1. Please compute the per residue accessible area over the protein assembly as shown with all protein chains in place, 1.4 Å probe, rounded to a whole number of Å².
2. Considering the alpha-carbon set of region A:66-154 alone, what are its Rg and its Dmax in angstrom?
3. Determine which lysines satisfy two conditions relative to B:Lys110: a Cα distance under 20 Å, and not lying fewer than 8 residues away in the same chain.
4. Report the far tail of the P(r) of region B:111-193, meaning the percent of Cα-Cα pairs longer than 20 Å.
5. Distance from the Cα centre of region B:16-93 to that of region A:32-105, in angstrom?
6. Using modelled amide H (1.01 Å from N, peptide plane; none on Pro or chain starts), what sits under 5 Å from the amide H of A:Gly39, excluding residues fewer than 5 places away?
7. Express the relative contact order of region B:234-283 as a whole percentage, based on alpha carbon pairs under 8 Å and six or more residues apart in sequence.
8. Using only the alpha-carbon atoms, what does chain B span along each of its principal axes? Please give whole angstrom values in decreasing order.
Amino acid sequence: MTAPTSIKVRSLSKWFGSWRALQGVSVDIEGGACTVLCGPSGSGKSTFLRCLNGLEEWQTGEIEIGGIAVGDQPRALTRLRRDVGMVFQSFNLFPHLSVLDNVTLAPRRLLHRRRKDAEEQAMRLLQRVGVARQADKLPAGLSGGQKQRVAIARALAMEPKVLLFDEPTSALDPESVKEVLDVMIELAKGGTTMVVVTHEMGFARRVASRVLFMDKGRIVETAEPEAFFTCPCSERAKSFLADIGPP
Amino acid sequence: MHAPSSSRLTPSGVLATARAYPFSTFLTVGLLYVALWLTWRIVDWAVIEATWQAGDRAGCNPEGACWAFILNRLPQFTFGFYPEAERWRAWIVLLAPPALLLLAMAPDFKGRRWIIAGGFIAYPVAALALLSGGSLGLSHVPSDQWGGLLLTMIVGIGAFVLSFPLAILLALARLSKLPALRWLTIGFIDFWRGMPLVAVLFMSVIMLPLFLPPGFEISRPGLALTGLTLYSSAYLAEVIRGGLQSVGRGQTEAALALSFGFWRTQTYIVMPQALRAVLPGIVNSVIALFKDTTYVMIVGLFDLLNIVTAALSDARWLGLATEGYVFVGVIYWLFCFVLSHVSSRLEAQQSRVVRQDQILTGSTQ
Ligand SMILES: Nc1ncnc2c1ncn2[C@@H]1O[C@H](COP(=O)(O)OP(=O)(O)O)[C@@H](O)[C@H]1O
Ligand SMILES: [Mg+2]
């Protein structure tokens, strides 16, 4: 295995029109570990995450993933995204394709895998996230938890070095939340760099190596999960933790 | 439903209903009478009193339809003035599309999609090459001898097959982030949509040759086909744009995040969903396009409608306009019927997949 991929962000600022969503964010994200990003709604977590794989353009600052700058040159960006998987809050499965085809589409069309190889790999991944039995269904026929696990398998099929999760469990009922978190906990043991936006503090406690707390477009606190939960430094983090309740 | 409980189809039941609802009973009986009367008149004229074999108008029963006229002229209505010895070529051109359509209705087999798609894409070129000849040992048949249903089919299917990819590109450009490209496309689409088809056809026949490099010539059907293609691509582009806009942003983002580039995102993820979403609109455009082919008569082409119109002035068969136009109408109606049938089959397939899916979900949860 190659060295884990770390992420370096320097003075990242992003404006939506005149609204400044990110206010000079600088942070180093450790390779091969799970970093949890939390903060109140509208604090810029999604925007930050989407900058990491270039889904969002930004105005000033730099991002490097595994030593390679994230730019706006389309080809380089496409190349970089091969190594950076993303899981969305709203799943975004391809509704016109079966679960199996959702997972095999990218390897077949982008890595030019043969169908048989891609399907074998996909079935292994679906097995791993526990939805192998649904392989031939369309996404519309799955429960929310199953959909999100398929979305994780789809991202894993490209064998990414970095995985970004944007509130992967926020749209799910409690039972499904657990299914998905179990898969993510399993993943976190595997040595992929993970950046997870979530309010699941139990998850953060168990697997995160660090917690980043974001407020008003800034990362205002960076801490080990234990330290963050027991004695958050900033007032803002204190009231945030009080709002979402104990882990 | 709201009738008294005695409203069975017994004499007393019917009478009771009639007494309870005098107005609707009156209306029902009246409409029924009109419908029956019309049906009777049509059947009487078109079948009972009709003449199927005659040498000229005088040989036909004046009380009924003179189908002998249509039957006599059928080869000409079908092929125009295409030489008889070469008609097998025209037969192939005429029968290929229905064969492909039947194939499309057939149960799944490996490669079916490719045969159908390839067949339709290759159709205009192959049909033009086969009909015009001049190579592969086929004798040359100048395009002014093509006509009738044959010409209608080539122009109609040709314009559709050519305008479809053009419309996809226009729809994508119309939604492009590049302002110059977007405004150019809007201008292009509005230009073709803003002109009457008649003007488009005149322009393409008179002006298009001026833009062609010297020594390069397109036949009259080719010029008309070009005009019709540009015209209908503008309409189709707007239908497809609606489909593109109905596909959520999340789909594009998921594809980009998987490292699909723009074209692959469109090809594998956005277009399949967009085209499915606007299938009824596309079929609508195709039907409109098919009927619009009749306008090629104004640039001197003898499509089905024009060749029948021309035949009406034959001295031996004067005064048979009704028969001629009924014939043309039935042919066009058949085409549109087949098209809408195919499209509703496709839609039903679509919704069946979804429904089955929901039932499965219900059973697994
Ligand atoms: N496309 C957009 N256009 C304008 N403003 C946006 C857009 N996306 C996000 N914002 C704004 O940027 C801020 C940060 O949003 P977001 O990153 O989604 O927050 P979070 O994910 O932390 O809830 C919010 O105030 C939001 O209103
Ligand atoms: Mg968010």
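1. Numbers: 31370 Å² over 612 residues.
Per-residue value: 51 Å².
2. According to the Cα coordinates of region A:66-154, Rg and Dmax are 14.0, 41 Å.
3. Counting by Cα, and skipping residues close in sequence, B:Lys110 has these lysines nearby: A:Lys116.
4. Summing the P(r) tail past 20 Å for region B:111-193 gives 53 percent.
5. Taking the Cα centre of each part, region B:16-93 and region A:32-105 sit 65 Å apart.
6. Under 5 Å from the amide H of A:Gly39: A:Met214.
7. That works out to 56 percent.
8. 75, 70, 43
The values are calculated or read from the model by the stated rules, or taken from the named source; none is laboratory data. Just so it is clear, the structure is predicted and the values come from calculations on it, not from any experiment. Note that we place each Cβ from the backbone using ideal geometry, even for glycine, and neighbour counts take in every protein chain shown. Ligands, DNA and RNA are stripped out before the accessible areas are found, and what is left, the full protein with its side chains, is counted by its heavy atoms. Shrake-Rupley method; radii C 1.70, N 1.55, O 1.52, S 1.80 Å.
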